[in-house]
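Written out below as structure tokens is the structure these notes cover.
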Amino acid sequence: MPKMKTVLTSPAIPASFSAGMPLSRSTRCACITRSDQPVNPRSLEKLEVIPRSPSCPHVEIIVTMKKSKKQKCLNPESKTTKNLLKALSKERSKRSPQTQRKA
């Protein structure tokens with residue numbers, strides 16, 4: 001009787017990753033590398049802040065660019081990322097509805 005071998009296959013994993021590219025959420029952390037390069041707030045479509053969790057010990061910041069739809073992971077500890085978050089927060093506070101004034 002011939003012996004049978006069981007072969008387990010996994011989804012194909014790209015051989016190379018671009019810097020700061022997020023992985024799928026099925027892994028522990030979404031980001032394998034984080035960029036310190038500045039990002040223009042006007043070129044952002046979306047910004048996600050993923051807090052620490054039991055599956056990932058790092059705070060992750062993932063931005064999606066408007067035109068290219070590419071995603072990039074930012075280093076939450078870098079000065080450029082902190083400045084970006086501050087600028088976006090300031091812009092957002094300007095857009096938020098003002099409290100009603102007494103007449």
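A few remarks follow.
- Contacts under 8 angstrom Cβ, first residue in the stretch 32-55 being assigned to a strand (DSSP E or B), partner among the acidic types (Asp, Glu), 6 or more apart: 48/60; 49/60; 50/60
- Annotation: of all residues in the stretch 60-93 being among the small types (Gly, Ala, Ser) and assigned to a helix (DSSP H, G or I), the one that is modelled with the lowest pLDDT is 93.
- Residue list for the stretch 37-83, restricted to those being acidic (Asp, Glu) and over 13 Å from the mean Cα position of the chain (by Cα): 77
The values are calculated or read from the model by the stated rules, or taken from the named source; none is laboratory data. These numbers come from a predicted model, not from an experiment. Heads up, the Cβs are rebuilt from the backbone with ideal geometry, glycines too, and the neighbour counts pull from every protein chain shown.
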